[in-house]
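Read the structure below first, then the notes.
The values are calculated or read from the model by the stated rules, or taken from the named source; none is laboratory data. Everything quoted here is computed from the prediction, not taken from an experiment. Quick reminder, even Gly has a Cβ in these numbers, built from the backbone with ideal geometry, and neighbours come from all protein chains shown.
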Amino acid sequence: MSRKKKSQGIPPWLIGVVLVLISAGAYFVFQQGGTSSSLRTTEELNAEEYYKNANSLRGNTYKIDVEIDSALGNSPTKGRLFSVTLKQPGKNGSRAILPVLIPLELGSLTIQKGQHYLMKVKVIENGLLKVEEATKP
C-alpha cells in the first residue's frame, strides 16, 4: 500500500495571494497618505506668536487645523479671504481666529462655513496666511 505524502507548510499560491493583498493595501495607504505627507513634517502654527508679531514669521510655512468661520472678501487677482477658527484652543483656553487667503490656484476648493480643514499655510506680507494645501480630514 502506498501512503499519500502529507504536505508540510503553506502552499506557494497562498503565499502569492497574501503578498498581492499586502502590496495592494500598502499602495492604497501610501496613496491616501500622499496628500497630507507634507503636513506630517510641517510645524503647527503657534497662535500666540502669530498674534504678537506675525511679520516675524513671514516666509515660514505652518500647518493649521481649522474650521471655516466666514468669508471676508474676494479678489479676482489674488483669491478669496476667509476667517478660520483653530480647532485647538490656546493656552488661555480661547480659540484663535485667523485670516487665510485661498489663492486662485486653489480656486477649485468649495469652502463653506463650518467645514473642517487641515491646511498648509505660508506667512506672507502683512502677516496674512496664504494657503498652499487644504484637505478635509
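Quick notes
- Just one residue in the set Ile111, Ile68, Ile102 is assigned to a loop (DSSP other than H, G, I, E, B), touching a residue at least 24 places away in the same chain (Cβ under 8 Å) and of a type in the set (A, V, I, L, M, F, W, C); that residue is Ile111.
- Set Ile10, Ile22, Ile15: member being loosely packed, with under 10 Cβ neighbours inside 10 Å, of a type in the set (Val, Ile, Thr) and either in contact with a helix residue (DSSP H, G or I) (Cβ under 7 Å, 6 or more places away or on another chain) or at pLDDT below 90 (or both): Ile10
- Qualifying positions in the stretch 72-123 - within 20 Å of Ala54 (Cα to Cα) and of a type in the set (Ser, Thr, Tyr): Ser83, Thr85, Ser94
- Members of the stretch 114-134 that are part of a loop (DSSP other than H, G, I, E, B) and under 22 Å from Arg40 (Cα atoms): Gln115, Ile124
- Counting residues in the stretch 88-96 that are part of a strand (DSSP E or B), on the phi < 0 side of the Ramachandran plot and of a type in the set (Ser, Thr, Tyr) gives zero.
- You will find that of Thr85, Thr77, Thr61, the residue that is surrounded by fewer than 12 Cβ atoms within 10 Å (Cβ to Cβ) and either modelled with pLDDT of 90 or more or within 21 Å of Pro137 (Cβ to Cβ) (or both) is Thr77 and no other.
- Among the conditions (1) of a type outside the set (A, V, I, L, M, F, W, C); (2) loosely packed, with under 12 Cβ neighbours inside 10 Å; (3) touching a Leu at 6+ places or on another chain (Cβ under 8 Å), the only one that Lys130 does not satisfy is (2).
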